[in-house]
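S.K.: Take this structure, written in structure tokens, and hold onto it; I'll ask about it next.
The values are calculated or read from the model by the stated rules, or taken from the named source; none is laboratory data. The structure displayed is predicted, hence computed values, not measured ones. Backbone-built Cβ (ideal geometry, glycine too); neighbour counts: all protein chains shown. Ligands, DNA and RNA are stripped out before the accessible areas are found, and what is left, the full protein with its side chains, is counted by its heavy atoms. Shrake-Rupley method; radii C 1.70, N 1.55, O 1.52, S 1.80 Å.
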Amino acid sequence: MSLQFISFVEKPKAHKSQIWSVRWSPSGNVVASGGLDNEIKIWEAQSGEHYRTLEGHILAVTGLDINPTGKVLISISFDNTIKRWDILEGNLINDIETKPGEVCCGQYNKDGNYFATASQHGTIDLRKDSNLEEIVATYTSEGKYGLCCRFSPDNKILALGTDNDKIYLFDVESAKVLHKLTGHSGNPIRCLDFTPDGKHLISGSDDETINIYDVKHGNQISKCTGHEGYVMCVAAASDNKHFVSGSTDCKIKLWQLPEKNEKTQVVDTIEEHKETVSCISWSPDGDKFVVGTDNLLLKWYCVAK
């Protein structure tokens, strides 16, 4: 299959420092980005026009997510706070203080009523969106540091990537470990994403590879090689057939997921960036994505016609 992506919007100085997180709203109307400049910026999704800046963090914004309605954003920062924002009005709804290392990253569940946060202690806390201080469940791994966490699309599984090569799949209701996945040569797991049908989990690691796992059976079905640096981000497309990855090698790769015993194929490689590609997010319709880089750049891509 031949599929190529071309850039259609570019923001060269989107932030004052490295961009560490980007999220295309599930409602499709805005893109949010967060960086080491402590700021969150909201952009019109199609044109890339700057919509507003959310200020309040005093240290780097390390993660953010938008609820399914596209109206509320949660941000996580090195300043040990979690903040909830009204995107449309630009107001801070509320925030909570956390202990150092208690929250490193997070994600909304599909319904938007819970928010999961991973910690440097190798745990995930499940918090109520309406009251982030209320932890309704804790999921504990053997890892020292939780670097990434993801809900499965049906909200039944939580995945945790740790610094010691292991990925844990937890049953959300019982908090039991369903599978403990390995295969990254002892290296940290930087990023995770489920395919929209929930059948596969994609992981990226400091070992410069990407693994594809069968979620139901807990086995690795493919290893993807081609990056020449840490894999910092992976994001599955809505068609359940493709995903993109970004790396410290400054490249973006578009992959086709394997069918049966086939290998995962690289469909396209974008080599125009000069710094680390640190974050990627697809549009809800799956024909566009946006990336953030260490040289302050936000760039939008679409399928070449």
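S.K.: Any residue in the stretch 281-305 that is under 21 Å from residue 150 (Cβ atoms) and open to solvent by less than 40 Å² (accessible area, probe 1.4 Å) sitting within a Cβ distance under 6 Å of a residue that is among the hydroxyl-bearing types (Ser, Thr, Tyr) and assigned to a strand (DSSP E or B)? List the pairs, counting only those 6 or more apart or interchain.
M.R.: Taking only residues 6 or more apart or on different chains, the pairs are 289/301; 290/281; 292/33; 292/278.
S.K.: Something else: Which ones in the stretch 99-140 are hydroxyl-bearing (Ser, Thr, Tyr), more than 16 Å from residue 173 (Cα to Cα) and open to solvent by 20 Å² or more (accessible area, probe 1.4 Å)?
M.R.: Passing the criteria: only 130.
S.K.: Additional query: If I go through the stretch 208-217 residue by residue, how many of them are in contact with a strand residue (DSSP E or B) (Cβ under 7 Å, 6 or more places away or on another chain) and either open to solvent by 20 Å² or more (accessible area, probe 1.4 Å) or modelled with pLDDT under 95 (or both)?
M.R.: Pass one, the stretch 208-217, residues in contact with a strand residue (DSSP E or B) (Cβ under 7 Å, 6 or more places away or on another chain): 208-215.
Right, trim to either open to solvent by 20 Å² or more (accessible area, probe 1.4 Å) or modelled with pLDDT under 95 (or both) and you get 208, 214.
Qualifying residue count, the stretch 208-217: 2.
S.K.: Another one. Of everything in the stretch 74-89 that's among the hydrophobic types (A, V, I, L, M, F, W, C) and either outside any strand (DSSP E or B) or in contact with an Asp or Glu (Cβ under 7 Å, 6 or more places away or on another chain) (or both), which residue is most open to solvent (accessible area, probe 1.4 Å)? Steps first, answer last, please.
M.R.: Quick first cut of the stretch 74-89, residues among the hydrophobic types (A, V, I, L, M, F, W, C) only: 74, 76, 78, 82, 85, 87-88.
Retained after the next criterion (residues that are either outside any strand (DSSP E or B) or in contact with an Asp or Glu (Cβ under 7 Å, 6 or more places away or on another chain) (or both)): 74, 78, 82, 87-88.
Working: 74: 0, 78: 116, 82: 0, 87: 1, 88: 79 Å².
Only one residue tops the list, namely 78.
S.K.: Among the candidates 251, 299, 263, which residue alone is more than 18 Å from the chain's Cα centre (by Cα) and charged (D, E, K, R)?
M.R.: Criteria check complete, one pass: 263.
S.K.: Yes or no: residue 92 surrounded by 13 or more Cβ atoms within 10 Å (Cβ to Cβ), among the aliphatic types (A, V, I, L, M), at pLDDT 95 or above and more than 19 Å from residue 26 (Cα to Cα)? Give the steps one after another, and end with the answer.
M.R.: Numbers: surrounded by 13 or more Cβ atoms within 10 Å (Cβ to Cβ): yes; among the aliphatic types (A, V, I, L, M): yes; at pLDDT 95 or above: yes; more than 19 Å from residue 26 (Cα to Cα): yes.
So residue 92 passes the test.
S.K.: Please work out which one of (1) among the hydroxyl-bearing types (Ser, Thr, Tyr); (2) open to solvent by 40 Å² or more (accessible area, probe 1.4 Å); (3) under 15 Å from the mean Cα position of the chain (by Cα) is the condition residue 225 fails and give its number.
M.R.: Of everything listed in (1) among the hydroxyl-bearing types (Ser, Thr, Tyr); (2) open to solvent by 40 Å² or more (accessible area, probe 1.4 Å); (3) under 15 Å from the mean Cα position of the chain (by Cα), residue 225 misses just condition (3).
S.K.: Here is a check on your reading of the model: is residue 54 more than 23 Å from residue 191 (Cβ to Cβ) and crowded, with 18+ Cβ neighbours inside 10 Å?
M.R.: yes
S.K.: How many residues are under 9 Å from residue 5 (Cβ atoms) and among the basic types (Lys, Arg) when one looks only at the stretch 287-305?
M.R.: Within the stretch 287-305, residues that are under 9 Å from residue 5 (Cβ atoms) and among the basic types (Lys, Arg) number 1.
S.K.: Here is a follow-up. Could you tell me whether any residue of the stretch 163-183 is modelled with pLDDT under 95 and among the polar types (S, T, N, Q)?
M.R.: Yes, the conditions are met somewhere in the stretch 163-183.
S.K.: So which residues in the stretch 248-270 are out of contact with any His (no Cβ under 9 Å at 6 or more places or on another chain), of a type outside the set (Asp, Glu) and surrounded by 17 or more Cβ atoms within 10 Å (Cβ to Cβ), if there are any at all?
M.R.: 264, 270
S.K.: Yes or no: the stretch 167-181 includes at least one residue that is open to solvent by less than 10 Å² (accessible area, probe 1.4 Å) and under 20 Å from residue 280 (Cβ atoms). Quick ask: steps written out before the conclusion?
M.R.: Of the residues in the stretch 167-181, the ones open to solvent by less than 10 Å² (accessible area, probe 1.4 Å) are 167-170, 181.
Pick out the ones that are also under 20 Å from residue 280 (Cβ atoms) and you get 167.
Yes, the stretch 167-181 contains at least one residue that is open to solvent by less than 10 Å² (accessible area, probe 1.4 Å) and under 20 Å from residue 280 (Cβ atoms).
S.K.: Within the stretch 223-239, count every residue that is aliphatic (A, V, I, L, M) and either free of Cβ contacts under 8 Å to residues at least 12 places away in the same chain or touching a Lys or Arg at 6+ places or on another chain (Cβ under 8 Å) (or both).
M.R.: Looking only at that region, the number is 2.
S.K.: Still on this model: I need the strands (runs of 3 or more DSSP E) fully contained in the stretch 1-51, keeping only those with at least 1 residues that are open to solvent by 50 Å² or more (accessible area, probe 1.4 Å) and of a type in the set (A, V, I, L, M).
M.R.: Numbers: elements: 5-11, 19-24, 30-35, 40-44.
Counting at least 1 such residues, we get 5-11.
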